[in-house]
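The values are calculated or read from the model by the stated rules, or taken from the named source; none is laboratory data. This is a predicted model, so every value here is computed, not measured. Note: ideal-geometry Cβ built from the backbone for every residue, glycine included; neighbour counts use all protein chains shown.
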Amino acid sequence: MKLGQTNRRLLVTFFFFLLLFTLAVWGLNQILVGDTPEIRSGTILAIPLQGPIGESPQQGFLGAAVTVREIDEALRRAADDPRVNAALLEIGPLTTGYGKAQEVRAAIKHFRESGKPVIAFLELASNLDLYVASAANIIYQIPSGSLVLGMYVQQPFYRDFLEKIGIRFEVFASGPYKSAFASYTDTEASEAQHEMEDSLLESLYLQWLGDVATDRGMTVESVAAGFDEGYLSARRAQAVGFIDELGYRDMLNDKLSEVAGKSPLHVSVSDYLRDTEPTELFGPESAIALIYISGMMVPGDFDAGLFGAEVAAGGTIERYIRGVAEDPSVKAIVLRVDSGGGAVTAADVMGRAIELAAQRKPVVVSMSDVAASGGYWIASKATRIFANRATYTGSIGVVMARPDLEGTYELLGINQEVIKRGKNADLMSTASPLRPDQVDILTRNVTDIYEEFLDVVSTGRNMDRNAVDSLAQGRVWTGEQALDHNLVDDIGGLREALVAARAEAGIEPGQRTALRIFPPARTIFDELTSLFNMSVMARQLSPTPSMPLSLTLEAIWERIRILQISGPLWAIMDVSLPVPAR
């Protein structure tokens, strides 16, 4: 009898705490997310486009940037929604790449095809901001605003400075275009690097001129003349034809009232998507898997980033790909790649999983801003590749660097003593320069990986190996250029890749299909756990009386070693891609 009473009390206690837990979660969710406004006639879809445009929904609840897919989905749903009368773009300053910008522009134009207006509002704006805004019907700018236009590549070279403090980098690269460490080894851009960056900039520049001219109803020559002015006041921008109206937000609201009634309801992308998300008791039998591969590629299996940075962990992505490849309900796989590469082994692990999956079902790659080096390694394993015209891709090549700090140690009066077992145990030591035989070892290593890279691409793209080599050697191409060289199959964004995946999987138009997204969106518990872990790590890494700065740096270095365990340090990583002025 007593045992039964005890069990009942435990059961009641359990449900009591479960209820408290549920209420706490609901309350916190209300604080973080809030209520979704009731969408009604006279709604304006408000899209803030400031800072970065997100890629993966993995960012979760806390401070997540709106993603490319969310913007695209919201605009396309709103185009067919009679309750939505117009879209408002509050733009700038944008810090995303031109690849994502082109996808946002395509979604804006689709919305405009419904006959509903899109109004863009600018304050201070760059050519990237104007590029997106030009897809709208009307561009407003405040009278004191300005346009700062121009594209340039500015790369610092630190060799002379580093030599003064005794630092020297020994770099091994598979071709003249693989210039990721040129800033540390050279005093000026090489002929090959200058040729590549000038070609990339020219491709991007011509795309910008042509698109803006078409959008604004101007000639390419007149757009180029305005672009050449470099700095235009809002009034000058209006005179040139880049801006339609000068005005403030209250005047903009008056304009919106003309198309949406006296009191238009402004609804955010996230609120609108929540309101229009279909609810189904039973989901469709067929699904397409969408897997995001964003950030530096690193070995290992973990979902969170490193020190707050977004990374693509090879083991984690491999697990996602193998899982959906074996799932009979998943009919096709779309890989959204936004990565400049990273560790060779991470790319190889992911590439093998893609190769095996492609033997069972379509695997389509959608390239975002960057899919170069390791990003291209994995893409070449897919059955079909889409790139935006402004995507940076290719960079088929290998580079590694070894810092030699012997001069720095001498300058600081630090003596290094090395005791070793194994003739080349000190191969990656920073205490002394490489011996000639060690130079041969690392040169051979880079050559071997490059040869493997050529094999991967020639097999995956069904190209002659010599033809691949002529396009490789570390050279980066825009998506537009890559299409001409057969490095990609089609020009298009994520939506086009998803449509192609459906078609290749034999899914009939109109057939209901689920979209399974990886990594899955982080829950609030994931976010809180992440914050706790970051707090713990910060305390562990903070200098204390018992842990001096030298040991703190030692702890950081030990964590960075995860990026080295695959062999060459960041062996297929590109960090010197040109970033045009925005």
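Restricting 312, 343, 353 to residues that are of a type in the set (Gly, Ala, Ser), closer than 28 Å to residue 399 by Cβ, within 23 Å of the chain's Cα centre (by Cα) and modelled with pLDDT under 90 narrows the list to 343.
In the range 185-193 there is at least one residue matching the filter, namely being buried (at least 16 other Cβ atoms within 10 Å of the Cβ), of a type outside the set (Val, Ile, Thr) and in a loop (DSSP other than H, G, I, E, B). Against the numbered list (1) crowded, with 20+ Cβ neighbours inside 10 Å; (2) in contact with a strand residue (DSSP E or B) (Cβ under 9 Å, 6 or more places away or on another chain); (3) over 22 Å from residue 103 (Cα atoms), residue 353 comes up short only at (2). Pairing each residue of the range 420-443 that is farther than 14 Å from residue 171 by Cα and free of Cβ contacts under 8 Å to residues at least 40 places away in the same chain with any residue that is of a type outside the set (Asp, Glu) and part of a helix (DSSP H, G or I), provided the two are 6+ apart or on different chains, yields C-beta distances under 9 Å for 424/438; 424/441; 426/438; 431/409.
The residue pairs whose first member lies in the range 101-128 and is on the phi > 0 side of the Ramachandran plot and buried (at least 19 other Cβ atoms within 10 Å of the Cβ), whose second member is in a loop (DSSP other than H, G, I, E, B) and aliphatic (A, V, I, L, M), and whose beta carbons are closer than 8 Å, counting only pairs six or more residues apart or on different chains, do not exist in this structure.
Checked against (1) surrounded by fewer than 19 Cβ atoms within 10 Å (Cβ to Cβ); (2) more than 28 Å from residue 294 (Cα to Cα), residue 136 passes all but condition (1). Just checking: which of the helices (runs of 4 or more DSSP H) contained wholly in the range 229-286 hold 3 or more residues that are at pLDDT 95 or above, among the small types (Gly, Ala, Ser) and under 24 Å from residue 141 (Cβ atoms)? Here the list reads 234-240.
Among the residues making up the range 180-193, a single one is without any contact (Cβ under 8 Å) to a residue 24 or more places away in the chain and either among the charged types (D, E, K, R) or more than 14 Å from residue 474 (Cβ to Cβ) (or both): 191.
Scanning for something over 25 Å from residue 212 (Cβ atoms), out of contact with any Ser or Thr (no Cβ under 8 Å at 6 or more places or on another chain) and of a type in the set (Lys, Arg), does the range 245-265 turn up at least one residue? Yes.
Per-residue answers, yes or no, for (1) under 17 Å from residue 457 (Cβ atoms); (2) of a type in the set (Asp, Glu); (3) assigned to a strand (DSSP E or B):
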| residue | (1), (2), (3) |
| --- | --- |
| 320 | no, no, no |
| 325 | no, no, no |
| 338 | no, yes, yes |
| 347 | yes, no, no |
| 353 | no, no, no |
| 366 | no, no, yes |
| 377 | yes, no, no |
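Counted as qualifying within the range 43-140 are no strands (runs of 3 or more DSSP E), as none has 2 or more residues that are in contact with a strand residue (DSSP E or B) (Cβ under 7 Å, 6 or more places away or on another chain), basic (Lys, Arg) and outside the structural domain of residue 338 (by TED's automatic domain parsing).
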